[in-house]
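The values are calculated or read from the model by the stated rules, or taken from the named source; none is laboratory data. Being a predicted model, the structure only gives us computed values, none of them experimental. Cβ coordinates were reconstructed from backbone atoms using ideal geometry, including for glycine residues, and neighbour counts include every protein chain displayed. The accessibility values were calculated without ligands, DNA or RNA, using every heavy atom of the protein model including side chains. Shrake-Rupley method; radii C 1.70, N 1.55, O 1.52, S 1.80 Å.
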Amino acid sequence: MPRIVSLISSATEIVHALGQFEHIVGRSHECDFPAAVLDLPVCTRPAIPVTGDSREIDGLVKDRIRDAVSVYEVFPDVLDRLQPTHIVTQTQCEVCAVSLKDVEAALAADISCARPPQVVPLHADALADVWDDIRRVARALGIEARGEQTVAALQSRMAAISQRALADPRRPTVACVEWIEPLMAAGNWVPELVEMAGGANLFGKAGKHSPWMHWEQLVEANPEVIVIMPCGWDAERTRPEMRWLTDRPEWPQLQAVRNGRVHLTDGNQYFNRPGPRLVESLEILTGILHPL
């Protein structure tokens, strides 16, 4: 039987979608879905304080990256105790979650596994990569057919949602904000979700990392809809950070603000996780862009 340690939230959700949740024996500090995962041993922690505001956290992260120091710590002693056969991590972003480099450093410590665990690195830049990651995990666990079935079911659900959304001829312009101060637009799979939900994405390109942007760009574009989805934060955590935007004199003049079309979302649970619940993310966007 496999003994899986998942070091990224999306991987936990992928393993769950594949029907293999019972084989997860350890998790990252960020893994929180399904709820039962909270009962498992935690194998990681952030190496910086995460209680500051968006500007403070950005500064701390950039300092670590500049000094070539990881943003996260992996606990070799916990891995040693858990004796995993598989460790799922990621290579997409060293800021967002524990990386392959972090795992390799932990495994280089004095860990006495009966045999070296298989490290499964995920790397999703676009929706197609998410499907490939699901297949990759399934292949590592020896259930390739289940992987294909899972991907097909998720794609079918997304196609049905998109078909309903695109039946509305309106294509509102959309700005998706992935970080507030400094300002960052959402890239990777989010532009694809916006287009599938029947919107016209203004910032960030499909399959490319999320780009930094200037406030003046947002003002000039004057989007019809603004969706706030900070990486790793839910709506409650995001709400006090909105002052970085709402205190600007131009904010009340934006048409999205005037028309009540600024939406705070749970970026952590949905839009930031390249896994099965991107289907729910698409549903959320569709509801935002084409309200009944």
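A few comments on the model shown:
- Conditions (1) in a loop (DSSP other than H, G, I, E, B); (2) under 26 Å from I143 (Cα atoms); number of the one not met by S70: (2)
- Test for W212: is it open to solvent by 10 Å² or more (accessible area, probe 1.4 Å), within 17 Å of L282 (Cβ to Cβ) and in contact with a Pro (Cβ under 7 Å, 6 or more places away or on another chain): no
- P291 falls short on exactly one of the conditions (1) free of Cβ contacts under 8 Å to residues at least 12 places away in the same chain; (2) in contact with a Ser or Thr (Cβ under 7 Å, 6 or more places away or on another chain); (3) not aromatic (F, W, Y), and that condition is (2).
- Every pair of residues 6+ apart whose Cβ atoms lie under 8 Å, when the first sits in the stretch 41-60 and is under 15 Å from E73 (Cβ atoms) while the second is among the aliphatic types (A, V, I, L, M) and exposed (fewer than 15 other Cβ atoms within 10 Å of the Cβ): A47/V69
- Residue match in the stretch 25-37 (condition: in contact (Cβ under 8 Å) with a residue 12 or more places away in the chain, assigned to a strand (DSSP E or B) and out of contact with any Leu (no Cβ under 6 Å at 6 or more places or on another chain)): no
- Wholly enclosed helices (runs of 4 or more DSSP H) of the stretch 75-177 bearing at least 1 residues at pLDDT below 95 and not acidic (D, E): 76-82, 100-107
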